[in-house]
1. In the list F277, F201, which residue meets the criterion of being surrounded by 12 or more Cβ atoms within 10 Å (Cβ to Cβ) and aromatic (F, W, Y)?
2. Quick check on R217: is it in contact (Cβ under 8 Å) with a residue 40 or more places away in the chain and surrounded by 10 or more Cβ atoms within 10 Å (Cβ to Cβ)?
3. Are there any helices (runs of 4 or more DSSP H) wholly within region 195-305 with 1 or more residues that are at pLDDT below 85, farther than 28 Å from F166 by Cα and within 30 Å of the chain's Cα centre (by Cα), and if so which?
4. Return the pairs, sorted by first residue and then second, in which the second residue is surrounded by 14 or more Cβ atoms within 10 Å (Cβ to Cβ) and among the acidic types (D, E), the first residue lies in region 133-161 and is closer than 29 Å to R263 by Cα, the beta carbons are less than 9 Å apart, and the residues are 6+ apart or on different chains.
5. Out of curiosity, is F141 outside the structural domain of L199 (by TED's automatic domain parsing), aromatic (F, W, Y) and buried (at least 19 other Cβ atoms within 10 Å of the Cβ)?
6. Restricting the search to region 225-259, which residues are surrounded by fewer than 17 Cβ atoms within 10 Å (Cβ to Cβ) and not polar (S, T, N, Q)?
7. Considering D95, D181, D189, which residue is part of a loop (DSSP other than H, G, I, E, B), at pLDDT below 85 and out of contact with any helix residue (DSSP H, G or I) (no Cβ under 6 Å at 6 or more places or on another chain)?
Amino acid sequence: MEYIVYISLFLTSSLLFYLFYDAVLMPKQVVKERLDNVKVMADTRDAFDEEMRESFAERVINPVYERMIHGLGNLAPSSIREQYELLLSSSGTKDTVKFNNVIAIQLMLGLLLAFGTHYLMQLTEQPTNGLYVALAGAAGFLLPYTSLRTKSRKRIEGIERALPSFLDVLYVSVEAGLAFDMAIYRTTDKMKGPLSEELLFTMNEINKGRGRSEALREMVKRTQVADLGTFVTSIIQAEEMGSNIGNVLRIQADTMRLNKRQRAEALAAKIPTKMLFPIVFFMFPALFVVILGPAVLNIMETLMK
């Protein structure tokens with residue numbers, strides 16, 4: 001009899017709890033789920049409205065273009081991709097211009113010039129010359145690559161020119177008592193240019209947790225500057241061996257200054273050879289006309305008599 005009472009109490013309590021849950025708690029849960037569904041629908045609607053507010057080019061053309069250039073980039077060999085990636089890094093445009101974009105621009109410009117040349121020949125009623133069309137297409141295809149190489153070379157030359165002066169200021173800062181990192185920040189604050197930009201980016205990478213040696217070597221790989229590689233190697237070796245950074249900076253500054261002087265002397269030695277062709281093809285004909293012109297006229301007058 002006692003067990004029957006306990007079982008009855010348990011069943012009654014369970015029934016009361018179920019009725020309470022069904023009458024009070026369950027509606028709240030249902031309302032909450034419905035509100036969540038409405039919120040999701042509202043968010044979806046807002047996202048759809050926001051997407052529809054974008055232009056047709058942003059919604060349709062840009063995604064198709066991105067997929068197309070991604071496919072073109074995947075067709076390129078890995079060696080070509082690595083070569084372009086190095087050019088983009090050394091030219092300082094890797095963050096704004098990607099490999100796929102360069103390939104797409106090359107193809108579009110090549111096709112544009114080729115079809116433009118063909119159209120001009122048709123417009124002027126000249127027979128279509130396949131050689132001219134091919135040359136125009138090749139010129140359009142190579143123009144972005146040539147522009148990228150030119151920008152890379154100018155940036156490398158700018159880093160090479162700034163490196164000796166940068167090392168002088170860095171050496172003075174270290175000798176004045178600043179730590180190496182603080183000396184780099186102080187020097188980059190005083191001297192602007194591609195070298196300062198690369199060093200600031202490298203120091204930010206180090207502050208984010210990247211190893212100093214790895215970050216410095218990655219900077220050399222990005223810039224493709226041999227003198228900067230020599231400087232980085234000497235700094236890494238000095239830190240590993242516990243040498244005086246100030247002495248290393250002084251030696252490196254003298255070495256970079258000597259290299260800069262030697263490059264200037266090499267360029268000066270090439271000037272006579274480079275000026276030979278303009279002199280022969282532009283100045284000599286004018287001199288011949290001025291000097292021999294009167295004599296030729298006198299000879300012609302004499303022969304005509």
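1. Answer to the selection: F201.
2. Working: in contact (Cβ under 8 Å) with a residue 40 or more places away in the chain: no; surrounded by 10 or more Cβ atoms within 10 Å (Cβ to Cβ): yes.
Answer is no for this residue.
3. Details: elements: 212-223, 226-241, 245-278, 284-304.
Those helices (runs of 4 or more DSSP H) do not exist here; none qualify.
4. Short answer, once both residue conditions are applied: I159/E198; I159/D227; E160/D227.
5. Values: outside the structural domain of L199 (by TED's automatic domain parsing): yes; aromatic (F, W, Y): yes; buried (at least 19 other Cβ atoms within 10 Å of the Cβ): yes.
Here the answer is yes, as F141 does meet what is asked.
6. If the condition is that a residue be surrounded by fewer than 17 Cβ atoms within 10 Å (Cβ to Cβ) and not polar (S, T, N, Q), then A226, G229, I236, E239, E240, M241, G242, I251, D254, R257, L258 are the ones that fit.
7. Values: D181 fails: part of a loop (DSSP other than H, G, I, E, B); D189 fails: part of a loop (DSSP other than H, G, I, E, B).
Among D95, D181, D189, only D95 is part of a loop (DSSP other than H, G, I, E, B), at pLDDT below 85 and out of contact with any helix residue (DSSP H, G or I) (no Cβ under 6 Å at 6 or more places or on another chain).
The values are calculated or read from the model by the stated rules, or taken from the named source; none is laboratory data. Quick caveat, the model's predicted, so the values are computed rather than measured. Because the Cβ atoms are built from the backbone with ideal geometry, glycine has one as well, and the counts that use them run over all protein chains shown.
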